[in-house]
Amino acid sequence: MPRAHVERAGITDPEKRQREVRRTLKGLREVWMQIGVEKIDTHKGVSVKALLDSGATGLFMSKKCAERGGFKLIKLGKPIVVRNVDGTGNSGELITHEVVVNLYFKGHMERVRIDMCDLGKAEVILGMPWLQAHNPEIDWEKEEVKMMRCPPICG
């Protein structure tokens, strides 16, 4: 499974900072979770397969998943360049949109912004910002995830 992460050039002004998404060509040890994502306005949602990826520095949703769920796409002020881990261009080209959804997993609920891009077989990738914020307990052998240390903002 491809892994993605966002690099930021050493610019401190967020408006001037260029972001790139880099993806590996081979998957390593993977942990998947079945999550629910729902629209903010109607609370209608879908169940999707999410990859936990400590190499990704963002949250990502496939365009196909967004279309299937009927999520409202929000145009980004500045596109994000997509590159493979070796620096070559990725077929997914630019990230130009994001979605805002409610995310559910085993009693955990939060509102998140997720960048839209081509993810291959993954529907959603939850990267390091999500992993750091929630610090889930992961059993890598059993591929089980427990939400034992969520921040107070999670319901």
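Derivation of every value follows stated rules applied to the coordinates shown; laboratory data play no part. All of these numbers come straight from a predicted model, not from anything done at the bench.
Here are a few things to note about the model shown:
- Full extension of the chain between Lys63 and Gln132 yields a length gain of 22.3 nm, computed as 0.36 nm times the residue separation minus the alpha carbon distance.
- Here the 3J(HN,Hα) profile of region 60-75, calculated from phi with Karplus coefficients 6.51, -1.76 and 1.60 at θ = phi - 60°, is 9, 10, 6, 4, 4, 5, 5, 5, 4, x, x, 6, 6, 7, 10, 6 Hz, Gly and Pro shown as x.
- Pairs exceeding a 27 Å alpha-carbon distance, out of Lys64/Lys142; Lys78/Lys106; Lys72/Lys146; Lys106/Lys142; Lys44/Lys78; Lys72/Lys106: Lys64/Lys142; Lys78/Lys106; Lys72/Lys146; Lys44/Lys78.
- Contour minus Cα-Cα distance for Glu143 and Lys75 (0.36 nm per residue): 21.0 nm
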